[in-house]
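To start, the structure under review is shown below, and the notes come after it.
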Amino acid sequence: MTTFNKSDYHKKMESTLESLHKEFVGLRTGRASVSLIEPVMVEAYGSRMPMNQVGTVNVPEARLITVQVWDKGMVKNVEKAIRDAGLGLNPTSEGQIIRVPLPDLTMERRKELCKVAGKYGEAARVAIRNIRRSAMDDIKVLEKDAHLSEDDMHRFNDEVQKMTDDFIKKVDENLLRKEQDIMQV
């Protein structure tokens, strides 16, 4: 007899929330963070590598990121990768150390970042609703094939809806926190 496994859908919703966290980390707030440039890909040795595989990324001050490049020949590539990443950053090199000062965010830029955060939040909500739809479709199939009673079907539908509501609430809370973080001067 086939049964409905709610934990599979819970894991999918959890991974959607984790993806949202990763998206939010890439949004600048005003404070330096290694996670801002770690995902930047650098052209190195004939392939593309993440920043943390070509150098050590540090935050020595609140508005400065440094990259200690391990291979002196890679300094120009790292600089170019940071400049071309679309983060609005202008790196400068001193030997094998690249300094990346963070400029002040204008109010206009902060509002833009909040809109981007809102789009990420909405995409996460849509993904969670799609997971809910998939779960409810699976429940209907099980009920139709006589693997579930009608009472079980309603109970599982209610549980999936509650789980969906909980995850949507988490998305909204994370979005609100991120927007407050971005708007904080």
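The values are calculated or read from the model by the stated rules, or taken from the named source; none is laboratory data. Note that the structure is predicted; figures quoted are calculated from it, not measured. Don't worry about glycine lacking a Cβ; one is built from the backbone with ideal geometry, like all the others, and counts go over all protein chains shown.
The condition of being surrounded by 16 or more Cβ atoms within 10 Å (Cβ to Cβ) and part of a strand (DSSP E or B) holds for only one of Thr66, Thr56, that being Thr66. Annotation note: of Leu175, Leu87, the sole residue that is outside any helix (DSSP H, G or I), within 22 Å of Ala32 (Cα to Cα) and either in contact (Cβ under 8 Å) with a residue 40 or more places away in the chain or touching a Gly at 6+ places or on another chain (Cβ under 9 Å) (or both) is Leu87.
Being part of a strand (DSSP E or B) and free of Cβ contacts under 8 Å to residues at least 12 places away in the same chain is the filter here; which residues of region 25-50 pass it? The answer is Ser47, Arg48, Met49. So is Gly118 in a loop (DSSP other than H, G, I, E, B) and either touching a strand residue (DSSP E or B) at 6+ places or on another chain (Cβ under 6 Å) or not aliphatic (A, V, I, L, M) (or both) or not? Taking the combined requirement at face value, the residue does not satisfy it. The one condition from (1) under 30 Å from Thr3 (Cβ atoms); (2) modelled with pLDDT of 90 or more; (3) in contact with a helix residue (DSSP H, G or I) (Cβ under 8 Å, 6 or more places away or on another chain) that Arg155 does not meet is (3).
Filtering Lys6, Lys76, Lys11, Lys22 for residues that are under 30 Å from Arg155 (Cβ atoms), free of Cβ contacts under 8 Å to residues at least 24 places away in the same chain and of a type in the set (Lys, Arg) leaves a single hit, Lys11. Checked against (1) assigned to a loop (DSSP other than H, G, I, E, B); (2) at pLDDT 90 or above, His147 passes all but a single condition, namely (2). Taken together, the residues in region 19-43 that are surrounded by 20 or more Cβ atoms within 10 Å (Cβ to Cβ) and small (Gly, Ala, Ser) amount to 1. Within region 15-29, does at least one residue satisfy the condition of being farther than 30 Å from Thr164 by Cβ and at pLDDT below 90? Yes; the residues of region 15-29 include at least one that is farther than 30 Å from Thr164 by Cβ and at pLDDT below 90.
Scanning region 163-172 turns up one or more residues that are touching a residue at least 60 places away in the same chain (Cβ under 8 Å), within 30 Å of Val59 (Cα to Cα) and among the charged types (D, E, K, R).
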